1. With +1 on each Lys and Arg Cβ and -1 on each Asp and Glu Cβ, and nothing else charged, work out how big the dipole of the stretch 56-110 is about its Cα centre, in Debye to the nearest 20.
2. Round to the nearest 0.05 the FRET efficiency obtained for residue 50 and residue 145 when R0 = 45 Å and r is the Cβ-Cβ distance.
3. With an 8 Å Cα cut-off and a minimum separation of 6 or more residues, compute the relative contact order for the stretch 46-104 in percent.
4. How far apart, in nm, are the 7 Å Cα→Cβ label points at residue 98 and residue 41?
Amino acid sequence: MSAHKGTTRGFRHSAALLAPQMRKVSESRGFAVGRVLTHWAEIAGEEIAAIAHPVEVSYGRKGFGATLTVLTTGAQAPMLEMQKEVLRERVNAVYGYNAIARIRITQTAPTGFAEGQAVFAPAPAQKQTAAPDPTAIKAAAEIAAPVADDGLRQALEALGRNVLSKTKS
């Protein structure tokens, strides 16, 4: 009988294989706890994770707490500024003590995990609940009918339906 119990039959999860390398990389980049990077959406919350990414943790000369630098876009920076204290508490809950004393928001990151990329996940698309107006569908099809290319004609019909249904509501 095998000393390892479970259903993996001697195989290890890929996360277990990568854990030492992730820990080494994250510690070299200033993260004492790599979980802040790997589980950012869980720690920060979906709302904050959609608009910001952790860049680095830097420690002061006298060791009175660290500074977490977070990358965001210019439009989202004021919203993130208002949530800094909540974010600090969430990150410190992962550390288990008051490791992060300050959060600094940046819109450009020449170094760090984000490498200056400020592209975040788009907001989930909202589905249209009302059925399209039949007159809008017919009008859009008539307008796009002279176009010879099928793909372009379909795209123009969809655009026409959206525009005509929005103007009526």
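1. Numbers: 7 positive and 4 negative charges, 42 e Å.
Roughly 200 debye for the stretch 56-110.
2. Working: r = 41 Å, r/R0 = 0.91.
It comes to 0.65.
3. Numbers: 69 pairs, mean separation 21.2, N = 59.
Computed over the stretch 46-104, the figure is 36 percent.
4. 3.3
Here, each number is a calculation from the coordinates, and none is a lab measurement. Predicted model only: the values in this text are computed from it and were never measured. Counting neighbours? That spans all protein chains shown, and the Cβs are built from the backbone with ideal geometry, glycine included.
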